[in-house]
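See structure below.
The values are calculated or read from the model by the stated rules, or taken from the named source; none is laboratory data. In this text, all values refer to a predicted model and were calculated from it rather than measured experimentally. Backbone-built Cβ (ideal geometry, glycine too); neighbour counts: all protein chains shown. Ligands, DNA and RNA are excluded from the accessible area calculation, which covers all protein heavy atoms including side chains. Shrake-Rupley method; radii C 1.70, N 1.55, O 1.52, S 1.80 Å.
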Amino acid sequence: MTSPEPQSPAPQPPEPESKDRVYRSVPAIAGGVLLLAITGWLGIDAVISGEGRTPWLALAVLLLVVPLVAAFTLRPAVYAGDDRLRIRNPFRLVVVPWGQVASLRSSYSNEVLTESGAKYQLWAVPVSLRARKKAARREMRATAQARREMGRDEGRGSALGMRAGLDGGLGGDSVSEGPARAETDRIMDELRGLREARHQAESARGEVTVRWAYEVLAPAVAGAVLVLILVVVG
């Protein structure tokens, strides 16, 4: 009687990789879709109903305009992972390991500064001065309201003060949710926090790589050359 052969343990399923956080500009995407729809409608109408060299000129303009509109509206995105930051701008794809990120700066545009001194703009996270002013006004109103409530509580006496403290402990409206911030500023805060957490990680080291978006540049250049030829010859 032979003893049963020992069975090898079943292979363990691979651990799921952490997904990158993706940041994109919703207004830019909406505007890009609208512009592409208008451009396509006008261009196709010119190709179908145009005469002479008009259809060819319309095709050349479409070949030039469509890639550029898509590059500046639909293409930009920022992918933040545990080890690297991928920046997809209109004409370039930049991969920056967190160990190479010196700082993330916000002024009139949001930018990434590397340890070597290079600077890359985050097209997908545009700065909105209007949103900043709106958030500042909201913060000022919240601060003024908190001061008024504090003054009323002090005037009512200790009993009402104890009740307000109890309501706050139970999750009432008096709990502060932090200073009001514009959406893009909150995104930059998240990226700075991720950079602080992963800057010294061994897996977050490496070199910065930059790749040009030839899939955008090639048709745009071809369209520009065709438009120039048709205008000169026409």
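Observations on the structure shown:
- Label-point separation, D45 to D82 (7 Å along Cα→Cβ), nm: 5.3
- Estimated vicinal HN-Hα couplings, Hz - the stretch 29-46 in sequence order (Karplus 6.51, -1.76, 1.60; Gly, Pro = x): 5, 4, x, x, 4, 5, 5, 5, 5, 5, 4, x, 4, 5, x, 5, 4, 5
- Carbon/sulfur fraction of accessible area - the stretch 51-96, other protein chains in place, 1.4 Å, %: 64
- Normalised per residue, the accessible area of the stretch 25-96 is 51 Å², obtained with a 1.4 Å probe and no contribution from ligands, DNA or RNA.
- Peptide packing: for 85-97, 52-64, the average count of neighbouring Cβ atoms within 10 Å per residue gives the ranking 85-97, 52-64, highest mean first.
- In this structure the amide hydrogen of R92, modeled in the peptide plane, comes within under 5 Å of the amide hydrogens of A213, none closer than 5 places in sequence on its chain.
- Rounded FRET efficiency, nearest 0.05, which uses the C-beta distance separating A218 from A102 and R0 of 25 Å: 0.15
- Given charges at beta-carbon only (K, R positive; D, E negative), |dipole| of the stretch 80-124 in Debye: 180
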